[in-house]
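Accompanying notes for the structure given below.
Here, each number is a calculation from the coordinates, and none is a lab measurement. What you see is a predicted model; the values in this text were computed from it and never measured. Cβ: placed from backbone, ideal geometry, glycine included. Neighbour counts: every protein chain shown.
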Amino acid sequence: MNILCYHGCGQPATHTTKTSRATKGPIDQCAPSANACPAVKQRKKSKVADHTDEQREQAHKKREATNLAKYGNTVSIMSPAIQAKRRATMIERYGVEHPTLNNDIREKAASSIKQAYINDETYAVRIIESRKQKHGEEYASITSKTRETNVANGRWVDPALRTVWAQYKFQVKYLTSKLYKKHKDIINPDDLPIGICLHQVDHIYSIRHGFENKVDPAIIASIHNLRMMWHTDNKSKHIRSDQTLETLMSAIEKGCKP
Ligand SMILES: [Zn+2]
């Protein structure tokens with residue numbers, strides 16, 4: 001018979017802990033960490049939801065006092081002993097000191113973050129809002145520091161150093177990818193695979209001509225100017241335009257489908 005998870009989620013137990021505060025002995029559970037068990041998650045959630053602000057504040061103070069007495073810091077992870085213990089657990093569990101150093105875990109985390117953005121259109125806005133609330137006046141200096149760091153370590157190109165052409169191209173491509181996500185069913189109805197050596201999204205009236213004629217990037221990245229193209233065809237097309245600016249403009253005005 002299968003042993004079920006100790007926490008009552010109904011799933012089979014796949015992990016055994018070394019010890020547990022509740023039983024003073026090993027317990028069998030559905031995940032490496034009790035916090036990952038859906039039953040535990042649900043209990044914690046409803047417990048916290050029932051608390052008043054005052055209770056929350058009291059619990060917070062109590063936790064800080066305990067940590068201070070036990071670890072010499074209000075945050076337990078700041079204690080070297082706890083840090084060493086955590087490192088040992090991580091190495092045992094994931095084979096690396098920090099789970100994000102493990103490629104599989106990193107990919108899994110990245111894909112679930114991506115999914116969260118896809119599932120909820122307000123996610124990005126809410127994150128920015130909560131950061132602003134959390135950091136208050138400091139928010140602007142934090143974002144500019146992030147930018148400086150990313151520019152310094154070469155992850156981002158300093159906008160001031162980009163040529164005007166590169167900025168224009170960047171803007172068009174940025175708008176294009178946003179639009180592509182939104183209207184994938186229209187731009188790529190056959191769901192052709194996209195990639196450097198596969199199909200690509202082509203700008204029928206070319207980005208270069210748009211740049212030379214000072215056309216608004218949003219017009220070049222308009223749905224009426226996008227089509228799927230095999231990569232070698234796209235490469236040989238280079239800066240050629242396969243429709244005139246007039247045709248493009250009138251298609252946009254009419255609002256007809258490409
Ligand atoms: Zn469980």
Computed log₁₀ I(q)/I(0) - Debye formula, equal Cα scatterers, no solvent, segment 52-109, q 0.12, 0.15, 0.19, 0.24 Å⁻¹: -0.46, -0.62, -0.75, -0.84
Contour minus Cα-Cα distance for Q115 and T146 (0.36 nm per residue): 8.8 nm
Quarter of the Cα convex hull surface for segment 28-80, i.e. its orientation-mean projected area (nm²): 4.9
All-pairs Cα distance distribution in segment 164-254, expressed in whole percent, bin size 10 Å: 17, 52, 29, 2
Solvent-free Debye scattering, log10 I(q)/I(0), computed from the Cα coordinates of segment 52-159 at q = 0.16, 0.17, 0.19 Å⁻¹: -1.30, -1.31, -1.23
Cα gyration tensor of segment 96-232 - equivalent ellipsoid semi-axes, whole Å, descending: 31, 23, 17
Structure-based [θ]222 nm, the chain - -39500 (n - 2.57) summed over DSSP H runs of at least 4, per residue, nearest 500: -17000 deg cm²/dmol
Candidate aspartates and glutamates - alpha carbon under 17 Å from K44, same-chain residues fewer than 8 apart omitted: D53, E57
Members of K62/K134; K114/K173; K184/K214 lying beyond 25 Å, as alpha-carbon distances in this model show: K184/K214
For segment 90-96, Karplus couplings with θ = phi - 60° (6.51, -1.76, 1.60), whole Hz, Gly/Pro x: 5, 5, 5, 7, 10, x, 9
Under the Karplus curve 6.51 cos²θ - 1.76 cosθ + 1.60, θ = phi - 60°, whole-Hz ³J(HN,Hα) for segment 234-248, x wherever Gly or Pro sits: 5, 5, 6, 5, 6, 9, 5, 9, 9, 8, 7, 4, 4, 4, 4
Percent of alpha-carbon pairs separated by more than 29 Å within the chain: 58
Among S76, P217, G8 - extreme Cα towards positive end, dipole of the chain, charges at beta-carbon: S76
Kirkwood hydrodynamic radius (C-alpha pairs) into Stokes-Einstein, segment 1-50, 25 °C and 0.890 mPa s, D in µm²/s: 220
